[in-house]
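The values are calculated or read from the model by the stated rules, or taken from the named source; none is laboratory data. Everything quoted here is computed from the prediction, not taken from an experiment. FYI the Cβ positions are ideal-geometry reconstructions off the backbone, even for glycines, and counts take in every protein chain you see. Side chains included, ligands, DNA and RNA excluded: accessible areas come from the protein's heavy atoms. Shrake-Rupley method; radii C 1.70, N 1.55, O 1.52, S 1.80 Å.
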Amino acid sequence: MMSVMSLTFGPDRQTREFQCDCCQAPIERAWNFIYADGAAYAVYFANCYHHKDRDHDAWIDVIFGTWGAGSEQWTDHVSFACRVGPVAGQDTPASTLVTAGLAHPDGPLFGTKLDRETALQHPKLSEFWEVSDFILENDPLVRGHVYGR
Ligand SMILES: [Zn+2]
């Protein structure tokens with residue numbers, strides 16, 4: 001049995017706004033550390049899209065690995081991602097696994113970027129859903145974007 005972790009945000013949440021490649025609408029991004037039982041556990045990047053002619057959705061990347069030991073220790077990093085937004089035939093937004101790190105360069109931070117098929121087989125999948133639910137419920141930008149401000 002996996003113990004239930006106590007998740008909290010790190011102290012240095014950051015946000016940035018930039019432009020969508022497809023329609024020049026604003027994209028809002030939030031990123032931060034997630035702590036589990038007081039220790040750095042994961043990093044997330046959440047992009048909230050305001051497309052002019054497509055669904056307004058959020059894409060959340062979560063990176064697991066060893067933190068705080070310098071980049072030479074980053075060989076164990078692995079990243080997951082999901083898209084959260086409206087789906088046909090459903091009243092509430094749904095989360096769907098997608099390829100991780102699509103909007104980010106390859107490198108040691110993101111480590112192994114899992115695609116949907118590999119993520120589904122990965123032992124950390126349940127931890128990813130736990131972290132992404134925590135972000136959806138508690139990051140003010142993501143929560144407001146997905147569930148309304
Ligand atoms: Zn767009």
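Residues of region 1-24 being within 16 Å of the ligand (Cβ to nearest atom) and assigned to a strand (DSSP E or B), which ones?
Within region 1-24, Glu17, Phe18, Gln19 qualify.
State yes or no: is Ile27 within 16 Å of the ligand (Cβ to nearest atom) and surrounded by 15 or more Cβ atoms within 10 Å (Cβ to Cβ)?
Yes: the conditions hold for Ile27.
Within region 99-121, is there a residue that is closer than 16 Å to Asp57 by Cβ and among the β-branched types (Val, Ile, Thr)?
Yes - at least one qualifying residue is present in region 99-121.
Taking the condition within 16 Å of the ligand (Cβ to nearest atom), modelled with pLDDT under 90 and open to solvent by 40 Å² or more (accessible area, probe 1.4 Å), does His50 pass?
For His50, the condition - within 16 Å of the ligand (Cβ to nearest atom), modelled with pLDDT under 90 and open to solvent by 40 Å² or more (accessible area, probe 1.4 Å) - is not met.
Pull up region 119-144, narrow it to residues that are open to solvent by less than 70 Å² (accessible area, probe 1.4 Å) and more than 19 Å from Leu7 (Cα to Cα), then point me to the one that is modelled with the lowest pLDDT.
Gly144
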